[in-house]
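The values are calculated or read from the model by the stated rules, or taken from the named source; none is laboratory data. The structure presented is a predicted model; accordingly, all values stated were derived computationally and were not measured. Note that we place each Cβ from the backbone using ideal geometry, even for glycine, and neighbour counts take in every protein chain shown.
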Amino acid sequence: MKKLLFIFILVFVSIAKADDLNNLSNNALNKIADKVTKLIPGEGPTEINLGVNTNYEPTWSILGVRSLLKMEEEKRNIFTQFSLFNTNISDDERYILNLGLGHRAMMYDDSIILGVNSFFDWDIGEAHKRGSVGFEARGSILEFHLNKYFTLSSTKIAHGIKEKSKISKS
């Protein structure tokens, strides 16, 4: 019984130490994220995530939304959204840039948000580019998103596999 109690105490102390170390690293990452957030001008939410993946490689992302035009009386908003993040595809670190423009409106006694958007995505290292247009409807119990994507470069990447395609303009 004493051995079991001793093992339990050792496990508890090691978990407590790991939590302290984890909290310390999270606090440092949060301070860095706060500093970077203040560098991006304009009003609107900015999310910065810093971390380490399962292979102990750094991960990061920056996501911002900025209102361009608010029409309070009509409950409408035109906004821009941007993000930059790293990802790992087939053991290859990639950097993805995303820029968008959207319009949302509250409808039906403020019970539904309807919106349209257009985005540009760029896989910087692979020079892969695509555009999209979309529609969304959001309510308290249902969300609906419809997006159509268009390849804007000759390199198409799906599931980490490169494909060359011909783009013809008419």
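Below are the figures for this structure:
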item	result
Where a residue in the stretch 46-69 is at negative phi and its partner, wherever it lies, is acidic (Asp, Glu), with Cβ under 6 Å and at least six apart	63/47
Residue identified as touching a helix residue (DSSP H, G or I) at 6+ places or on another chain (Cβ under 9 Å), exposed (fewer than 14 other Cβ atoms within 10 Å of the Cβ) and not small (Gly, Ala, Ser) among 93, 72	93
Failed item in (1) more than 17 Å from residue 147 (Cβ to Cβ); (2) surrounded by 13 or more Cβ atoms within 10 Å (Cβ to Cβ); (3) of a type outside the set (D, E, K, R), with residue 55 passing the rest	(2)
Residue 85 vs. criteria within 15 Å of residue 45 (Cβ to Cβ) and in a strand (DSSP E or B)	no
Filter result for the condition that a residue is out of contact with any Leu (no Cβ under 9 Å at 6 or more places or on another chain), modelled with pLDDT under 90 and among the β-branched types (Val, Ile, Thr), over 87, 46	87
Any chance residue 105 is closer than 26 Å to residue 153 by Cα and among the small types (Gly, Ala, Ser)	no
Failed condition for residue 122, given (1) touching a strand residue (DSSP E or B) at 6+ places or on another chain (Cβ under 8 Å); (2) over 30 Å from residue 154 (Cα atoms)	(2)
